[in-house]
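Down below is the structure, laid out as structure tokens.
The values are calculated or read from the model by the stated rules, or taken from the named source; none is laboratory data. Because the structure is a prediction, the values reported are computed rather than measured. Glycine also receives a Cβ, built like all others from the backbone with ideal geometry; neighbour counts cover every protein chain displayed.
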């Protein structure tokens, strides 16, 4: 049963990537902040991902330090909960496909109660000069829920 769930998760990842590619080819919409061009400003910071902790937390190199980053606005299953392995695997594969780099955008409180940086996490889309929201991707594929 577990291998069937893994196959289903892999199929969802492949389907999601296919949809994103087809959307790009057909001139679709990629996730960006409406009304702002954060990519031309200092607000978006490109960082190297050192490891994926779970579906909503990363460890990155940020300003010369290793930092934990908590995705803003989503909640993914915690380690040991149902769906946690699949959420973590999805984030890992997506980040691997981006060669291990993501863009972080701050909003609101800089850190959470555990001292983690709070950030929106984006991937580069080389076909457009925009980025795709990993936060939104996690919700779209069912690995996370909205969280405030």
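Here residue 106 clears all of (1) in contact with a strand residue (DSSP E or B) (Cβ under 8 Å, 6 or more places away or on another chain); (2) at pLDDT below 95; (3) outside any strand (DSSP E or B) except the condition numbered (3). Could you check segment 63-103 and list, in sequence order, the residues that are touching a residue at least 60 places away in the same chain (Cβ under 8 Å), more than 12 Å from the chain's Cα centre (by Cα) and on the phi > 0 side of the Ramachandran plot? Selection gives 83 alone.
Are any residues in segment 73-85 touching a helix residue (DSSP H, G or I) at 6+ places or on another chain (Cβ under 7 Å) and under 15 Å from residue 134 (Cβ atoms), and if so, which ones? Those that are touching a helix residue (DSSP H, G or I) at 6+ places or on another chain (Cβ under 7 Å) and under 15 Å from residue 134 (Cβ atoms): 73, 74, 76. Candidates in segment 42-52 are the residues that are buried (at least 17 other Cβ atoms within 10 Å of the Cβ) and closer than 14 Å to residue 105 by Cα; of these, the one that is modelled with the lowest pLDDT is 44. Among the residues of segment 87-116, those identified as surrounded by 12 or more Cβ atoms within 10 Å (Cβ to Cβ) and under 13 Å from residue 49 (Cβ atoms) are 88, 91, 92, 93, 94, 95, 98, 100, 101, 102, 103, 104. Summed over segment 53-78, the residues that are at pLDDT 95 or above, part of a loop (DSSP other than H, G, I, E, B) and farther than 19 Å from residue 110 by Cβ give a count of 3. Is it the case, given these coordinates, that residue 36 is at pLDDT 65 or above and either under 20 Å from residue 122 (Cβ atoms) or part of a strand (DSSP E or B) (or both)? No: the conditions fail for residue 36. Note on segment 104-139: residues that are touching a residue at least 40 places away in the same chain (Cβ under 8 Å) and touching a helix residue (DSSP H, G or I) at 6+ places or on another chain (Cβ under 8 Å) amount to 14.
Against the list (1) at pLDDT below 90; (2) assigned to a loop (DSSP other than H, G, I, E, B); (3) surrounded by 15 or more Cβ atoms within 10 Å (Cβ to Cβ), the condition residue 131 fails is (2).
For residue 86, are the conditions met, namely being at pLDDT 95 or above and in a strand (DSSP E or B)? No; evaluated as a whole, the condition is false for this residue.
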